[in-house]
Amino acid sequence: MNENLFSSFITPTMMGLPIVIAITMFPSIMFPSPSRLINNRLISIQQWLVQLTSKQMLSIHNQKGQTWALMLMSLILFIGSTNLLGLLPHSFTPTTQLSLNLGMAIPLWAGTVITGFRHKTKASLAHFLPQGTPLPLIPMLVVIETISLFIQPMALAVRLTANITAGHLLIHLIGGATLALMSISTITAMVTFTILILLTTLEFAVALIQAYVFTLLVSLYLHDNT
């Protein structure tokens, strides 16, 4: 294959203009607003899943934290639908771009930290210095806790990017190997094709799990600051 291994991660363009914004907004079409008294099966299933996820994720939050419910549900729906659409042939997955993931992680993390310093100033400052710390270790622990705090959004973004990118690369490699083996050994090609089917099924699960993990970590950061 003459195609570059990383060509599927290049920002798509049309007539020389990037169309990432249009692709990013496309998943919103999958979740239409109900306009009828009785919803159809698709919308009913979507609403049931959203209610189930929000009930589980927001059960640990107090009343102040539950005000983030709309933000958290919008986040998990966006990431999950974007990851699933990226598994379609000749498609583009925006969540493989570290810039997009950082654009989601940094504002959400900053919002939780600012909320914590605004409403729980003493408790937020206490995180920088665990209770019972020996006096000589205080400066070192403050520096370590500060660094760990600022690493959180980077860890969020890199985790999502690495998992989605690794899965797409593995599918690309096994798919190329299957095509190459079809002219050499049909039996071996069938084995690799079976592995490709199983890996694609696994990627569907990973796409949803990573959306849930990203949102759950944001929710835990919020819980620690409210």
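The values are calculated or read from the model by the stated rules, or taken from the named source; none is laboratory data. Computed from a predicted structure; not experimentally measured. All Cβ positions, even for glycine, are placed from backbone atoms using ideal geometry, and neighbour counts span all protein chains on display. Calculation scope for accessible area: heavy atoms of the full protein, side chains included, ligands and nucleic acids excluded. Shrake-Rupley method; radii C 1.70, N 1.55, O 1.52, S 1.80 Å.
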Inset, instruction - Would you work out which of A157, L137, L179 lies farthest towards the positive end of the dipole of the chain, given +1 charges on the beta-carbon of Lys and Arg and -1 on that of Asp and Glu, about the Cα centre? - result: L137
Inset, instruction - With a point put 7 Å past each Cα toward its Cβ, work out how far Q47 is from L149 in nm, to one decimal. - result: 4.3
Inset, instruction - Could you list which residues have their amide H under 5 Å from that of Q97, counting only those 5 or more apart in sequence or on another chain, with H placed in the peptide plane? - result: none
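Keeping every protein chain in place, order V218, V191 by accessible area at 1.4 Å, biggest value first, i.e. largest first. Intermediate results must be reported in sequence, preceding the final value.
Values: V218 5, V191 80 Å².
Ranked from most to least accessible, the order is V191, V218.
Add -39500 (n - 2.57) for each DSSP H run of 4 or more in the chain, then divide by its residues: what number comes out at 222 nm, to the nearest 500 deg cm²/dmol? Spell out each step's value before the answer.
Values: 7 runs with 151 residues, N = 226.
Calculated at 222 nm, the ellipticity per residue is -23000 deg cm²/dmol.
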Inset, instruction - Roll a 1.4 Å probe over the protein heavy atoms and report the accessible area of V50 in Å², nearest 10. - result: 50
Inset, instruction - Give the calculated FRET efficiency between I21 and A166 to the nearest 0.05, with a Förster radius of 41 Å applied to their Cβ-Cβ distance. - result: 0.95
Legend entry - the stretch 1-225: relative contact order in percent, alpha carbon pairs under 8 Å with at least 6 residues between: 28
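With every protein chain left in place, what is the accessible area per residue of the chain in square angstrom, probe 1.4 Å? Don't jump to the answer; show the numbers that get you there.
Working: 14240 Å² over 226 residues.
Accessible area per residue, the chain: 63 Å².
Pop out the carbon and sulfur fraction of the accessible area of the stretch 1-225 as a percent, whole number, probe 1.4 Å.
On the way: 10240 of 14210 Å².
About 72 percent, which is the carbon plus sulfur part of the accessible surface.
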Inset, instruction - Tell me the label-point distance for the pair I209, L173, using the 7 Å Cα-to-Cβ offset, in nm and rounded to one decimal. - result: 1.9
Inset, instruction - When a/c is below 1.5 the answer is rounded, else prolate if a/b is larger than b/c, else oblate, so apply that to the stretch 106-168 with a ≥ b ≥ c taken from the square roots of the Cα gyration tensor eigenvalues. - result: oblate
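Would you work out the relative contact order for the stretch 28-144, in percent, from Cα pairs under 8 angstrom that are 6 or more residues apart?
Details: 34 pairs, mean separation 11.7, N = 117.
It comes to 10 percent, rounded to a whole number.
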